[in-house]
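The values are calculated or read from the model by the stated rules, or taken from the named source; none is laboratory data. These numbers were taken from a predicted model, which means no experiment stands behind them. Because the Cβ atoms are built from the backbone with ideal geometry, glycine has one as well, and the counts that use them run over all protein chains shown. To get the accessible areas, we keep the full protein, side chains included, count just its heavy atoms, and leave off ligands, DNA and RNA. Shrake-Rupley method; radii C 1.70, N 1.55, O 1.52, S 1.80 Å.
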Amino acid sequence: MPMLKVSHITKTFGGLKALDDLSFSVEKGEIYSVIGPNGAGKSTLFNCINSIYTPENGTISYKGEEITNLSSNGVASLGIARTFQNIELFSRLTTMENLMLGRHLHMKTGLLASASMWWRGSKAAQEEIKHREKVEEIIDILDLQAYRDKFVSQLPYGIQKMVELGRALCMEPDLLLLDEPAAGLNNEEREDLIFWIRDIRDEFGITVVMIEHNMQMVVDISDRILVINFGKKLAEGLPEEVINHQEVINAYLGQP
Ligand code: ADP
Ligand code: MG
């Protein structure tokens with residue numbers, strides 16, 4: 001059974017078909033990349049998977065269970081986390097606080113209860129300590145110690161991207177959706193990111209679906225690549241198959 005199965009989904013905006021009868025599957029443990037020109041429908045695809053949008057046609061299944069009509073929270077609580085093309089963090093909160101928000105799906109007592117720990121030793125306090133430990137672990141893994149108590153708005157762009165990745169990991173997902181994780185990163189940051197993404201898959205067994213424009217990175221780390229154009233599948237396969245595919249070269253790789 002595939003980890004993620006997208007079957008014949010169509011999503012339109014006005015007269016525009018952002019996704020047009022698109023189908024593909026991702027196996028557990030894969031690093032699967034989605035590439036295509038700007039406006040091809042890549043972010044819309046992620047928005048359909050995590051139920052920001054509902055496709056007009058087609059279905060999306062996760063571990064064999066249909067998730068097409070769940071809420072975004074419902075999808076997240078099944079273990080699908082994501083990062084966004086434009087970073088979505090709380091800029092007036094610290095790194096630590098943003099990561100703690102990533103934990104809220106796991107908090108039985110809820111954020112308010114843990115925020116008002118007037119009774120030391122209460123259940124909420126114990127839970128908060130457990131969550132802090134998990135967050136500290138992610139901070140260590142991603143080397144974010146120096147930024148733990150800094151406001152996100154004060155952090156360089158590349159670090160904000162890592163905090164967003166950290167927040168997604170704090171949800172302890174089985175499937176991670178990364179929308180252009182390397183955009184705006186310098187070479188060194190991109191090298192680090194490639195290392196983390198491999199590590200996330202190898203050490204935690206998390207399946208990764210990644211939208212990315214940096215072809216070298218895509219070819220380096222992907223097990224398979226899906227190419228979409230005008231919301232349709234143009235090609236799918238191993239990296240070397242896809243980069244040598246004539247239609248892909250014409251539609252995408254040939255662009256200046
Ligand atoms: P990509 O991520 O591949 O660059 P998108 O999925 O963001 O592309 O967009 C695909 C197409 O759908 C584009 O033409 C875009 O303008 C359109 N689109 C995306 N979201 C919306 C929306 N909320 N309302 C109207 N049009 C949208
Ligand atoms: Mg996009």
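Worth pointing out:
- Pairing each residue of the range 124-150 that is in a helix (DSSP H, G or I) with any residue that is aromatic (Phe, Trp, Tyr), provided the two are 6+ apart or on different chains, yields C-beta distances under 9 Å for Ala125/Trp119; Ile139/Tyr147; Ile141/Trp196.
- The listed residues are Leu101, Leu112, and the only one of them that is over 30 Å from Asn187 (Cβ atoms), modelled with pLDDT under 85 and assigned to a helix (DSSP H, G or I) turns out to be Leu112.
- Check on Leu70, in contact with a Gly (Cβ under 7 Å, 6 or more places away or on another chain), assigned by TED's automatic domain parsing to the domain that holds Val248 and either crowded, with 16+ Cβ neighbours inside 10 Å or not charged (D, E, K, R) (or both): no
- At least 3 residues being open to solvent by 50 Å² or more (accessible area, probe 1.4 Å) and either in the same structural domain as Cys48 (by TED's automatic domain parsing) or touching a residue at least 40 places away in the same chain (Cβ under 8 Å) (or both) is the threshold, and among the strands (runs of 3 or more DSSP E) wholly inside the range 173-256 those reaching it are 232-237.
- Asn86 being within 16 Å of ligand 2 (Cβ to nearest atom) and open to solvent by 70 Å² or more (accessible area, probe 1.4 Å): yes
- Taking the listed residues Asn38, Asn57, the one that is more than 18 Å from the chain's Cα centre (by Cα), within 16 Å of ligand 2 (Cβ to nearest atom) and exposed (fewer than 15 other Cβ atoms within 10 Å of the Cβ) is Asn38, with no other qualifying.
- Exactly one residue out of Leu4, Leu22, Leu45 is touching a His at 6+ places or on another chain (Cβ under 8 Å), assigned by TED's automatic domain parsing to the domain that holds Ala251 and either open to solvent by 20 Å² or more (accessible area, probe 1.4 Å) or of a type in the set (A, V, I, L, M) (or both): that is Leu22.
- Residue tally, condition away from ligand 1 (no atom under 16 Å from the Cβ) and not charged (D, E, K, R), over the range 197-218: 9
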